[in-house]
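Everything on this sheet refers to the single structure shown next.
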Amino acid sequence: MDIVLGLQWGDEGKGKFIDLISENYDIAARFNGGSNAGHSIERNGKRITLKMIPSGIFMQGVQNVIGTGTVLDPVSFKNEILNLKKFDETLQPENNLIISKKAHFVLPTYRLMDVFMEENPAYTTIGTTKNGIAQAYSNKILRQNVRIGDMYAPDFQERVQHILERDYSFMAGEDMLIPPLEEISKEFFEAVEFLKQFNCTETELLLNKALIEGKTILGEGSQATLLDIDHGTYPYVTSSSTIASGACSGLGISPKKIGEIYGIAKAYCTRVGNGIFPTELFDEMGEEIRIKGNEFGSNTGRPRRTGWLDLPALRYAVMINGITQLVLTKADVLSGLKSVAVCTHYELEDGSVEATAGTLPENARPIFKWLEGWNADFSVIKDPSALPEELMNFLSFLEQEMGVPVTYLSIGPGREEILKMK
Ligand code: GDP
Ligand code: IMO
Ligand code: MG
């Protein structure tokens, strides 16, 4: 199995890259997260954002798997499928999308609780996508949740109703605006019926059998390394394992079976939601990158925070994941700048210098190195030999700093706007 995952705070362009390379695989499998993801794909001049559906869905002959490490909200999933079919009427996702029986449900009260916790001063505000993701994962860990396979059990409705009522009785004690319970439970159970059209099975068995038969699998990560529940910038993280080892646990595949691990990074950094961001730009440059890079959340529409590339953070992400190939995206967005900055290390409050990879230190001052900027009309570049010298120097510098080759360079949002560098 090869893996594609994000190295920063998400939205690095995973969807676009996976859409492109999934044709080389038999199976594309999402291993973590839920509809908090927003993976944008442009096809034939049209654009769609996938949340739960793996980004290999457009490839004829590729089986798509929603793995065990994910959490699935059937209401959101139903809307996504209907939207996908509108986007491309030729697709028949019922035939090439398989869902793990062991993936967990996101129940409708989880969304309400997410909003409540985000807005209530008694809790830390994370800046979540308000999809009930943390509530689903925390109920999983508490062993109070229901899983996809449970929907076939005769007492499923009763079990869900019990959880919904318990959550409602909690919420009734708080000053919360909540829809009638009958309304959300009706919508939920209708969406569960819709979900039953899909093949829900023990995906671990399916995936391991496929490997024995010599088939190839691409693991698709959502969110990214610095949002990982264990290794990210806690508490401002998501609730799942977003890293390479998360692909093994999330899909039930042995670490021995891992081949290439593609790490996707932007040529700069962005972040949505709260939390530390040492290289963040608060000036016109930050705004310029936001506008040129169209840095507005694919999932929530929120403006993304922008900043320069952070090498210590990137080195940390490369290390945690064992990245074998780097995919650099959005080099086109920085085009036209006289010089571009990268943070090479941090100066700590006591004046000492932190040069190595590590968890981002609080209150650290990023020390920047300025490199020559590049300028090109990227829409006409079809071959690496046509890339500006300054950009090639930037890539060499990055490779040297990371010790990993940049094998793909993305130079626009379109499907074809990517160059194979090695
Ligand atoms: P993901 O969550 O990692 O799949 O990334 P998103 O889809 O949330 O955000 C990436 C955004 O950048 C999307 O709007 C893509 O269409 C766009 N994009 C991807 N690669 C490039 C690139 O190389 N250049 C430009 N300008 N846009 C890109
Ligand atoms: P993709 O897959 C960027 C962020 C939220 C918030 C934190 C927790 O498109 O890269 P959550 O809803 O997961 O409880 O929110 O994580 N976040 C993302 N940021 N891209 C994503 O996904 C994200 N998914 C969650 O903004 O800061
Ligand atoms: Mg995204």
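The values are calculated or read from the model by the stated rules, or taken from the named source; none is laboratory data. It should be emphasised that the depicted structure is a prediction, and the values quoted were computed from it without experimental measurement. Cβ coordinates were reconstructed from backbone atoms using ideal geometry, including for glycine residues, and neighbour counts include every protein chain displayed.
Among the residues of region 28-46, which ones are within 10 Å of ligand 2 (Cβ to nearest atom) and not hydroxyl-bearing (S, T, Y)?
Correct list: R30, N32, G33, G34, N36, A37, G38, H39.
So, restricting to strands (runs of 3 or more DSSP E) that lie completely within region 31-74, which ones have at least 1 residues that are of a type outside the set (S, T, Y), surrounded by 24 or more Cβ atoms within 10 Å (Cβ to Cβ) and within 16 Å of ligand 3 (Cβ to nearest atom)?
39-43, 46-50
Taking the criterion of being under 23 Å from Y262 (Cα atoms), hydrophobic (A, V, I, L, M, F, W, C), in the same structural domain as V327 (by TED's automatic domain parsing) and surrounded by 14 or more Cβ atoms within 10 Å (Cβ to Cβ), would at least one residue in region 364-374 satisfy it?
So far as region 364-374 goes, no, none of its residues is under 23 Å from Y262 (Cα atoms), hydrophobic (A, V, I, L, M, F, W, C), in the same structural domain as V327 (by TED's automatic domain parsing) and surrounded by 14 or more Cβ atoms within 10 Å (Cβ to Cβ).
Given the conditions (1) closer than 24 Å to K420 by Cα; (2) free of Cβ contacts under 8 Å to residues at least 40 places away in the same chain; (3) not basic (K, R), which single one is not true for G301?
The one condition G301 does not meet is (1).
Quick one: which residue in V340, V318, V327 is touching a residue at least 60 places away in the same chain (Cβ under 8 Å) and within 14 Å of ligand 1 (Cβ to nearest atom)?
Only one candidate passes the filter, namely V327.
Among the listed residues I98, I27, I18, which satisfies the condition of being touching an Asp or Glu at 6+ places or on another chain (Cβ under 6 Å) and touching a residue at least 60 places away in the same chain (Cβ under 8 Å)?
The match here is I18.
Only one of these is within 19 Å of the chain's Cα centre (by Cα) and on the phi < 0 side of the Ramachandran plot: L314, L337. Name it.
Exactly one of L314, L337 is within 19 Å of the chain's Cα centre (by Cα) and on the phi < 0 side of the Ramachandran plot, namely L314.
Filtering region 18-30 down to residues that are part of a helix (DSSP H, G or I) and within 12 Å of ligand 1 (Cβ to nearest atom), which residue is nearest to N321 (Cα to Cα)?
That would be I18.
What number of residues within region 157-198 satisfy the criterion of being in a loop (DSSP other than H, G, I, E, B) and either among the charged types (D, E, K, R) or surrounded by 16 or more Cβ atoms within 10 Å (Cβ to Cβ) (or both)?
5
For T238, indicate whether it is within 15 Å of ligand 1 (Cβ to nearest atom), in contact (Cβ under 8 Å) with a residue 24 or more places away in the chain, assigned to a loop (DSSP other than H, G, I, E, B) and within 19 Å of I276 (Cα to Cα). Outline the logic, then answer.
Values: within 15 Å of ligand 1 (Cβ to nearest atom): yes; in contact (Cβ under 8 Å) with a residue 24 or more places away in the chain: yes; assigned to a loop (DSSP other than H, G, I, E, B): yes; within 19 Å of I276 (Cα to Cα): yes.
Answer is yes for this residue.
Can you tell me which residue among G10, G15 is part of a helix (DSSP H, G or I), in contact with a strand residue (DSSP E or B) (Cβ under 9 Å, 6 or more places away or on another chain) and near ligand 2 (Cβ under 10 Å from one of its atoms)?
G15
The conditions are (1) assigned to a loop (DSSP other than H, G, I, E, B); (2) touching a strand residue (DSSP E or B) at 6+ places or on another chain (Cβ under 7 Å); (3) exposed (fewer than 13 other Cβ atoms within 10 Å of the Cβ), and G414 fails exactly one of them. Which is it?
(3)
Does V333 meet the test of being in contact with a Leu (Cβ under 9 Å, 6 or more places away or on another chain), aliphatic (A, V, I, L, M) and either assigned to a helix (DSSP H, G or I) or at pLDDT 95 or above (or both)?
no
Provide a single number: the residues in region 270-290 that are touching a Ser or Thr at 6+ places or on another chain (Cβ under 6 Å) and either away from ligand 1 (no atom under 16 Å from the Cβ) or farther than 20 Å from T300 by Cα (or both).
4
Out of the residues in region 47-65 that are of a type in the set (S, T, N, Q) and within 10 Å of G15 (Cα to Cα), state the one that is farthest from ligand 2 (Cβ to nearest atom).
S55
From the list G301, G273, G351, pick out the single residue that is touching a strand residue (DSSP E or B) at 6+ places or on another chain (Cβ under 9 Å), at pLDDT below 95 and in a loop (DSSP other than H, G, I, E, B).
G273
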